[in-house]
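Structure first, commentary second.
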Amino acid sequence: MTSVTSTSLQELIDRAEERGLAAAGLACLDRCLPLLAPDAADVLRPVWATVARGDGGAWGEAVAKARVELDGAGSGPGDEVAALVRGMLDDAPADWAVEPLREWARRCSGAALTAHAHYDATGAGPLHAGELRRQQAVLEAVAHGPTGLRRARDLSTEGGRVLRAVVSRRARTA
């Protein structure tokens with residue numbers, strides 16, 4: 001993969017349409033979800049389905065249902081990273097509209113990068129760089145329309161596995 005800069009990522013977010021923005025924010029949330037609720041992998045599946053259909057009417061309902069299912073997850077005191085992930089979900093707009101989705105995608109991007117930097121030994125090392133690459137790849141994939149969503153989900157699943165492995169390894173060595 002090529003080197004990614006935050007400017008190129010920002011440009012991709014700026015050019016994305018509703019489906020791409022929803023997928024970008026959702027992919028960030030999906031990759032970080034294990035930090036909030038390790039056993040909740042399928043909670044976001046209905047939200048992904050609304051993105052795949054481009055169903056703005058069902059988007060808000062699917063997001064609200066995910067919030068209910070994850071209510072109380074990651075509510076332990078002092079867990080700033082879980083709070084970041086919870087914020088991604090809580091901040092998801094109910095409206096399927098460009099500007100609210102763009103702002104959400106930007107916030108999710110920053111929160112995901114912060115979460116990855118937290119678990120990266122150097123703060124801006126390979127875990128953080130990998131997250132930057134995944135975010136760019138998701139936006140590039142969804143720019144190709146609904147067919148790119150499968151690639152976005154695959155990248156999200158892969159990123160979630162990587163983050164879970166790093167967190168697990170860190171817990172074993174702590």
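The values are calculated or read from the model by the stated rules, or taken from the named source; none is laboratory data. Since the model is a prediction, treat every value here as computed from it, not as a measurement. Positions of Cβ are backbone-derived with ideal geometry, glycine not excepted, and every protein chain shown enters the neighbour counts. Surface accessibility is based on the protein's heavy atoms, side chains included, excluding ligands, DNA and RNA. Shrake-Rupley method; radii C 1.70, N 1.55, O 1.52, S 1.80 Å.
Near Thr147, once Lys and Arg are set to +1 and Asp and Glu to -1 for all other residues with Cβ below 14 Å from its Cβ, the sum equals +3. Think of it this way: in the chain, Cys32 stand alone, with no other Cys Cβ under 4.7 Å. Between Thr114 and Ala52, residue separation times 0.36 nm minus the direct Cα-Cα distance comes to 19.6 nm.
Is the C-alpha gyration tensor of the stretch 65-112 telling us rounded, prolate or oblate? Criteria: a/c under 1.5 is rounded; beyond that, a/b larger than b/c is prolate, otherwise oblate. Oblate, since a/c reaches 1.5 and b/c is not below a/b.
Accessible surface computed residue by residue for the stretch 97-174, with neighbouring protein chains in place and a 1.4 Å probe, gives 50 Å² per residue.
Provide the packing ranking of 8-21, 160-173, i.e. peptides ordered by the mean count of other C-beta atoms within 10 Å per residue, highest first.
Values: 8-21: 18.4, 160-173: 13.3.
Result, highest mean Cβ count within 10 Å first: 8-21, 160-173.
Rolling a 1.4 Å probe over the protein heavy atoms of the chain, with every protein chain left in place, gives an accessible area that is 52 percent carbon and sulfur.
Run the numbers on the chain and let me know its relative contact order in percent, using alpha-carbon pairs under 8 Å that are six or more apart. All intermediate terms of the calculation are to be shown ahead of the outcome.
On the way: 218 pairs, mean separation 59.8, N = 174.
Computed value for the chain: 34 percent relative contact order.
For Glu69 and Glu103, the difference between the fully extended length at 0.36 nm per residue and the C-alpha to C-alpha distance is 9.9 nm. Could you pull out which residues in the stretch 28-63 have an amide N less than 20 Å from a spot 7 Å beyond the Cα of Arg150, following the Cα-Cβ vector? It comes to 45-55, nothing else.
Placing pseudo-labels 7 Å out from each Cα toward the beta carbon at Arg161 and Glu140 gives an inter-label distance of 2.1 nm. Taking Lys and Arg as +1 and Asp and Glu as -1, the other residues whose beta-carbon sits under 10 Å from that of Glu158 total +3. Label positions at Ala40 and Ala171, each projected 7 Å from the Cα along the C-beta direction, are separated by 1.5 nm. Rounded, prolate or oblate: pick one for the stretch 102-146, where a ≥ b ≥ c are the square roots of the eigenvalues of its C-alpha gyration tensor, a/c under 1.5 means rounded, and failing that, prolate if a/b is larger than b/c, else oblate. It comes out oblate by the Cα gyration axes.
Of the DSSP H helices in the chain, those with a Cα length along their own long axis of 18 Å or more and a mean Kyte-Doolittle hydropathy reaching -1.0 comprise 18-36, 56-69, 98-119, 126-142, 148-173. Would you please classify the overall shape of the chain from the alpha carbon gyration tensor, given that a ≥ b ≥ c denote the square roots of the eigenvalues, rounded means a/c under 1.5, and beyond that prolate means a/b larger than b/c while oblate covers the rest? Here the chain falls in the oblate category.
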